[in-house]
Amino acid sequence: MTTARRFEGNTPVSGLYDSATLHPGGYREIDPRRVAQAGRIARVVDVREPAEFVGDLGHAPGAEIVPLATLERAARNWDKEQEIVLVCRSGARSARAAALLALLGFRRPMNMVGGMIAWNQARLAVER
């Protein structure tokens, strides 16, 4: 099941962000199951290192790798209205990444709670 898109300006918005839980850090928290249900509607950015991305936990289908240390530079050309789900191993680095994007003016950053550990525990599809 995927969520229907709506547009804000020229940016597609799935509503995933609106269904996520508000965090005081200026971003929202989203359950891995909701991310999987949304399919490839939102941008999924994995902030782990390359070896982790292809390691035992794998990564969410369609995720792009942008290690946390390079996120600020990489995000310079991103659409600040786009829904962006940040992912890591357990949810700690991705929470920092979501807070950083919020500070940089991104309007819809989300931290995937529990990271790829929770994704795997939920038995969701994984790429390696």
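The values are calculated or read from the model by the stated rules, or taken from the named source; none is laboratory data. Because the structure is predicted, anything quoted here is derived from the model rather than measured. Note that we place each Cβ from the backbone using ideal geometry, even for glycine, and neighbour counts take in every protein chain shown.
Ala75 fulfils the conditions (1) within 25 Å of Asp18 (Cβ to Cβ); (2) touching a residue at least 40 places away in the same chain (Cβ under 8 Å); (3) among the small types (Gly, Ala, Ser) except for a single criterion, (2).
Just give me the residues in segment 89-117 being in contact with a strand residue (DSSP E or B) (Cβ under 7 Å, 6 or more places away or on another chain), under 17 Å from Pro32 (Cα atoms) and either in a strand (DSSP E or B) or of a type outside the set (Lys, Arg) (or both), in sequence order. Passing the criteria: Gly91, Ser94, Ala95, Ala97, Ala98, Pro109, Met110, Asn111, Met112, Val113, Gly115, Met116. The helices (runs of 4 or more DSSP H) located wholly in segment 25-82 that include 2 or more residues which are touching a strand residue (DSSP E or B) at 6+ places or on another chain (Cβ under 7 Å) occupy 32-38, 50-53. Residues of segment 22-39 that are surrounded by 17 or more Cβ atoms within 10 Å (Cβ to Cβ), under 17 Å from Ala99 (Cβ atoms) and not hydroxyl-bearing (Ser, Thr, Tyr): His23, Arg28, Glu29, Ile30.
Is it the case that segment 80-94 has a residue that's over 13 Å from the mean Cα position of the chain (by Cα) and either surrounded by 19 or more Cβ atoms within 10 Å (Cβ to Cβ) or at pLDDT below 95 (or both)? So far as segment 80-94 goes, yes, one or more of its residues are over 13 Å from the mean Cα position of the chain (by Cα) and either surrounded by 19 or more Cβ atoms within 10 Å (Cβ to Cβ) or at pLDDT below 95 (or both).
As a summary of the residue check, Ala42 satisfies the conditions (1) modelled with pLDDT of 95 or more; (2) surrounded by 13 or more Cβ atoms within 10 Å (Cβ to Cβ) except for the one numbered (1). Cβ-Cβ contacts under 6 Å between residues 6 or more apart (or on different chains), taken from a first residue in segment 18-40 that is in contact (Cβ under 8 Å) with a residue 60 or more places away in the chain and within 11 Å of Asn111 (Cβ to Cβ) to a second residue that is in a loop (DSSP other than H, G, I, E, B) and of a type outside the set (A, V, I, L, M), are listed as Glu29/His23.
Among the candidates Pro109, Pro61, Pro67, the residue that is under 24 Å from Val126 (Cα atoms), loosely packed, with under 15 Cβ neighbours inside 10 Å, modelled with pLDDT of 95 or more and touching a helix residue (DSSP H, G or I) at 6+ places or on another chain (Cβ under 9 Å) is uniquely Pro61. Checked against (1) of a type outside the set (A, V, I, L, M, F, W, C); (2) touching a helix residue (DSSP H, G or I) at 6+ places or on another chain (Cβ under 6 Å); (3) closer than 17 Å to Arg123 by Cα, Arg93 meets all criteria but (3).
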